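To keep things clear, I will list the structure first and then write my remarks on it.
The values are calculated or read from the model by the stated rules, or taken from the named source; none is laboratory data. Values in this document were obtained by computation on a predicted structure and should not be read as measured data. Because the Cβ atoms are built from the backbone with ideal geometry, glycine has one as well, and the counts that use them run over all protein chains shown. For the accessible areas, the whole protein counts, side chains as well, though only heavy atoms, and no ligand, DNA or RNA atoms are used. Shrake-Rupley method; radii C 1.70, N 1.55, O 1.52, S 1.80 Å.
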Amino acid sequence: MTSKEIRKKFLVFFEERGHHIVPSAPLVVKNDPTLMFTNAGMNQFKDYFLGNIKSPYPRIANTQKCLRVSGKHNDLEQVGLDTYHHTMFEMLGNWSFADYFKQEAIAWAWELLTKEYGIPPDRLYVTYFQGDREENLLPDEETKKIWENIVDPTRVIAGNKKDNFWEMGETGPCGPCSEIHVDLRSEVERSKLPGHFLVNAGSPEVIELWNLVFIQYHRNASGQLEMLPDRHVDTGMGFERLVRILQNKNSNYETDLFSSLIERLEELTDLKYGKDEKVDIAMRVIADHIRAVSFAIADGQLPSNVKAGYVVRRILRRAVRYGYSFLNLKEPFLTYLYPVLCRIMGEQFPELEQQKSLVVKAIEEEEASFLQTLSHGIKRFEMYVEKNPTKIISGETAFELYDTYGFPLDLTQLMAKERDMTVDVEGFQQLLEQQKQRSRQDAEVHMGDWIELNPPSEIEFVGYDVLEIETKIIKYRKVTHKGKTFYHLVIDRTPFYPEGGGQVGDEGWLIQDQRVIHVTNTIKENELIIHITDNLPESLDGVWLAKVDVERRWDTMRNHSATHLLHWALRKLIGTHVEQKGSLVHPDYLRFDFLHFQKLSPSDIIHIEELINEQIRKNIPLQEYRKIPFSRAMEMQAIALFGEKYSDEVRVIQFDESKELCGGTHVRATGEIGVFKIVEESAIAAGVRRIEAVTGRKALQYFQQLHNKSTELRVFLKGKDPVQVIDELKATILSMEKQIQQFKQKELSHQAKMLLSKTVHKNSYVYLIEKMDLNGNELKDLTYQFKRENLPLMALLYSTQDPEKVHVVLYVDETLAKKYNINASNWIKEIVQPIQGKGGGQTTLAMAAGSKKENLTLMIEKAKTLFESVSK
Ligand code: SER
């Protein structure tokens, strides 16, 4: 079976058993502070498990793109070294939300594996949770019994909390799990040692294939397990491993999911996979990482310096430097793999083709800039080695290379080895640990548990229609971050818009009699709307008036609607390739990032502004469609964004031709935007441009400031045109510079004449040693004057004007140099020795500088001896 057939069989199997098939959620997670990337199939259903919202379907199945490179589940360092871990992988999963439980989940998993996929039952082992005293959890006897009715009891193995109690992260839904492991060893090996000894023992041939989690608990912020109101099933099967088993390969990388990537690498490097362990590891690392990086970028996460972007950058760099170190790939190469990846996975994940130009550009730019950093780092390394008399690279240097130039320790070690040197690994580790500690402290957020005040009820967001409403506080928690304390509040009806879809969160107040709670921001944690405040009054009981800061909200709405008009105008005037890549809607301005490969010209900008302002003047009324089916929105040709997760019911915001899926808040008609003005257009990454613009009050302020500036300028220039004034000034400066130059020449020639009167006369030549009050370059200019005089002269001029250094120039007349075979460059090196100087030049003119001023007399004597020596 091909990988495509294997995937399909899974989905069809569960569809036939009443499961609704959903697409994979984006790899990049928004709205969940506990996660950066999707790390399990169940992430997108977290709210269903927790009971925050009800799942529209009791049974779901899909294949989910997952990335395990940060947080609780992190396999990054393992990837490539073995043959069955991945950064990005597909997880096949089936879910039950308060519907079927252990019996069906187990029976179906077994049926699918053994009957449909035909895996011999005697190669399979299953596990169940043995209980945990500390957590006060009993053994999962139910699962054990179910399995014992299906398989030989010797194949049913008890497992501890680490292996058999699955948790999404530090907090979140969790529960006991039952894993299915497969023994891929040869008959001979298997007859020697039964596979159950190798389950969960790190064997590369007895590996976990499918995990069936029985979600029953929620791990809260203080680490306690709370019982959930319902029981659910969450299963996850490693697709790449399944394909490896069914295609009968020794490694995931030999399956049709990876083999053509490896073949492409063989072509690019002229090396063969399977001959040298180092080459194999590097090829596996790259074949794996190109998938992770491409999918992350296609889902909207460009490499960057912070958070999720930094993770993508690190993965990409890991691939590049494995290629660099072990495959001799010194030029960018990753994008050659992209078409191959599209062939393998493009059908299931159309975003790969759709986002092709962005992904290729972004990878190209990132790779080139990293290779440049690497080469700077290598120079830095070489300079260090040159100066370092010992055979050890210090921990500081290894750390600097790691921190500034992205060199992992093993690369530095490799380069050291090539020079017969070693690295102070301990010193490096110490510095690394210190850095980790620092960033841990910075990142540490302590989130208290929710304290319930009123019974939980369905939370209602009313902020599309009203900006104040009476409400009750349902729960609150205390949060500390970097020594600051604040509070999170949840209220039952809220007009406060939570930060999302680019729009900032609302600010405002909760008011009760004389008491006021100042809401400084509103955010969303999954579907929960959280109001943030610095202080809480003693009692939170009773009814509060929730009141949004109206002016701020109106400014924000103007900018949000204007952002839609900008998106529309760009697509109309520049082209439909102009896809939104990021957006910030703030009360003071809007920022819009989009896909486009050239700078917008000034006339483009004017046209965009004109078109948008025309729409504003037409005062087009808002048409809002709340809760319409996604399919209907698509029929309306509303724009949806890449990397966004949409539910089946969506909201569409329309202003005439501009139609977008959007959850933000908007003006009632475009006229309320007032006016729109672009204030900046720039590039933020390869192929991604940014427009910043202002509307309404801020736009008026912007025009007023411009007007005031130009009025000021007109008064200052007495009504003259500034461009003309600048032109005139430029001409004046030019002519003055010329004059200064002439004066300088005169002055120099005067000084030269003075100096020549001080020369010491010998038989066939004259010499001169003089201190001058000039800088290094002026000293040199002075010697050009000597040259004009055409005298048999040798001159040493020096200056102590620079507080750090003595600057020295040595001039030797050309005929004289030839006649006595003098080389000024050699001489100067000797002359500046006493002042620990360095320098050089040509036979007739050389320059140097040294720092040991106290030895000036010695230097002068040395010069004198040399000058005198010529006549002997
Ligand atoms: N959540 C479980 C896992 O990721 C099963 O899907 O292993």
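Across the stretch 489-497, not a single residue is classified as surrounded by fewer than 17 Cβ atoms within 10 Å (Cβ to Cβ) and either more than 26 Å from residue 644 (Cα to Cα) or at pLDDT below 95 (or both). Being more than 35 Å from the chain's Cα centre (by Cα), of a type in the set (Lys, Arg) and either modelled with pLDDT of 95 or more or surrounded by fewer than 16 Cβ atoms within 10 Å (Cβ to Cβ) (or both): is that true of residue 618 here? The answer is yes for residue 618. For residue 248, are the conditions met, namely being away from the ligand (no atom under 13 Å from the Cβ), polar (S, T, N, Q), open to solvent by 20 Å² or more (accessible area, probe 1.4 Å) and in contact with a helix residue (DSSP H, G or I) (Cβ under 8 Å, 6 or more places away or on another chain)? Spelling it out, it is not the case that residue 248 is away from the ligand (no atom under 13 Å from the Cβ), polar (S, T, N, Q), open to solvent by 20 Å² or more (accessible area, probe 1.4 Å) and in contact with a helix residue (DSSP H, G or I) (Cβ under 8 Å, 6 or more places away or on another chain).
Quick test for you: out of 333, 295, pick the one residue that is touching a residue at least 12 places away in the same chain (Cβ under 8 Å) and touching a strand residue (DSSP E or B) at 6+ places or on another chain (Cβ under 8 Å). So that I can check it myself, show each step before the final result.
Values: 333 fails: touching a strand residue (DSSP E or B) at 6+ places or on another chain (Cβ under 8 Å).
Residue meeting the stated conditions: 295.
Scanning the stretch 34-48 for residues that are closer than 16 Å to residue 644 by Cβ and either of a type in the set (Val, Ile, Thr) or within 9 Å of the ligand (Cβ to nearest atom) (or both) yields a count of 2.
For the stretch 226-245, the set of residues classified as more than 16 Å from the ligand (Cβ to nearest atom), touching a residue at least 40 places away in the same chain (Cβ under 8 Å) and open to solvent by 40 Å² or more (accessible area, probe 1.4 Å) consists of 229, 230, listed by residue number. Every listed requirement among (1) at negative phi; (2) at pLDDT 90 or above is met by residue 841 save one, (1).
Within the stretch 244-260, if we keep just the residues that are in contact with a Lys or Arg (Cβ under 8 Å, 6 or more places away or on another chain) and not in a loop (DSSP other than H, G, I, E, B), the residue that is nearest to residue 344 (Cα to Cα) turns out to be 260. Considering only residues in the stretch 815-839 that are over 19 Å from residue 793 (Cα atoms) and outside any helix (DSSP H, G or I), the one that is least open to solvent (accessible area, probe 1.4 Å) turns out to be 832.
Can you spot a residue in the stretch 250-257 that is within 22 Å of residue 65 (Cα to Cα), out of contact with any Phe, Trp or Tyr (no Cβ under 6 Å at 6 or more places or on another chain) and modelled with pLDDT under 95? Yes: one or more hits. Within the stretch 41-58, residues that are in a helix (DSSP H, G or I) have Cβ atoms under 6 Å from residues that are open to solvent by 50 Å² or more (accessible area, probe 1.4 Å) and more than 14 Å from the ligand (Cβ to nearest atom) in these pairs: 47/53; 47/527, counting only partners at least 6 apart in sequence or on another chain.
Any residue at all in the stretch 473-483 that's farther than 29 Å from residue 444 by Cα and open to solvent by 20 Å² or more (accessible area, probe 1.4 Å)? The answer is no, given that none of the residues of the stretch 473-483 is farther than 29 Å from residue 444 by Cα and open to solvent by 20 Å² or more (accessible area, probe 1.4 Å).
Of all residues in the stretch 12-25, those satisfying the criterion of being closer than 16 Å to residue 65 by Cβ and either open to solvent by less than 30 Å² (accessible area, probe 1.4 Å) or of a type in the set (Gly, Ala, Ser) (or both) are 22, 24, 25. From the residues in the stretch 376-389 that are touching a residue at least 24 places away in the same chain (Cβ under 8 Å) and of a type outside the set (Phe, Trp, Tyr), which one is least open to solvent (accessible area, probe 1.4 Å)? So the residue we want is 377. In this structure, residue 271 qualifies as more than 16 Å from the ligand (Cβ to nearest atom) and not in a helix (DSSP H, G or I).
Conditions (1) of a type in the set (Ser, Thr, Tyr); (2) farther than 20 Å from residue 860 by Cβ, marked per residue:
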{"position": "783", "(1), (2)": "yes, no"}
{"position": "787", "(1), (2)": "no, yes"}
{"position": "790", "(1), (2)": "no, yes"}
{"position": "800", "(1), (2)": "yes, no"}
{"position": "822", "(1), (2)": "no, no"}
{"position": "825", "(1), (2)": "yes, no"}
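Considering only residues in the stretch 195-211 that are open to solvent by less than 60 Å² (accessible area, probe 1.4 Å) and more than 15 Å from residue 241 (Cβ to Cβ), the one that is modelled with the highest pLDDT turns out to be 198. Could you run through the stretch 798-814 and say how many residues are within 54 Å of the chain's Cα centre (by Cα) and open to solvent by 70 Å² or more (accessible area, probe 1.4 Å)? Total meeting the criteria: 4.
Only strands (runs of 3 or more DSSP E) wholly contained in the stretch 64-177 count here; list those with 3 or more residues that are open to solvent by less than 40 Å² (accessible area, probe 1.4 Å), within 16 Å of the ligand (Cβ to nearest atom) and touching a Ser or Thr at 6+ places or on another chain (Cβ under 9 Å).
88-97, 124-129
Among the residues making up the stretch 212-225, those that are surrounded by fewer than 23 Cβ atoms within 10 Å (Cβ to Cβ) and within 16 Å of the ligand (Cβ to nearest atom) are 216, 217, 218, 219.
Only a single item in (1) within 16 Å of the ligand (Cβ to nearest atom); (2) surrounded by fewer than 18 Cβ atoms within 10 Å (Cβ to Cβ) is not met by residue 192, and it is number (1). Among residues of the stretch 692-707 that are in contact (Cβ under 8 Å) with a residue 60 or more places away in the chain and surrounded by fewer than 20 Cβ atoms within 10 Å (Cβ to Cβ), those with a Cβ under 8 angstrom from a residue that is assigned to a strand (DSSP E or B) and basic (Lys, Arg), sequence gap 6+ or separate chain, pair up as 692/591. Filtering the stretch 178-189 down to residues that are among the acidic types (Asp, Glu) and either open to solvent by 10 Å² or more (accessible area, probe 1.4 Å) or within 16 Å of the ligand (Cβ to nearest atom) (or both), which residue is modelled with the highest pLDDT? Step by step, filter the stretch 178-189, then rank; the result is 179.
Only residues that are in a helix (DSSP H, G or I) and either surrounded by 15 or more Cβ atoms within 10 Å (Cβ to Cβ) or among the aliphatic types (A, V, I, L, M) (or both): list them for the stretch 413-434, please. Those that are in a helix (DSSP H, G or I) and either surrounded by 15 or more Cβ atoms within 10 Å (Cβ to Cβ) or among the aliphatic types (A, V, I, L, M) (or both): 413, 414, 415, 416, 425, 427, 428, 431, 432.
Under the condition of being under 17 Å from residue 316 (Cα atoms), out of contact with any Phe, Trp or Tyr (no Cβ under 8 Å at 6 or more places or on another chain) and among the hydrophobic types (A, V, I, L, M, F, W, C), the residues counted in the stretch 59-100 number 3.
Just checking, does the stretch 326-348 include any residue being under 20 Å from the mean Cα position of the chain (by Cα), open to solvent by 20 Å² or more (accessible area, probe 1.4 Å) and modelled with pLDDT under 90? Scanning the stretch 326-348 turns up no residue that is under 20 Å from the mean Cα position of the chain (by Cα), open to solvent by 20 Å² or more (accessible area, probe 1.4 Å) and modelled with pLDDT under 90.
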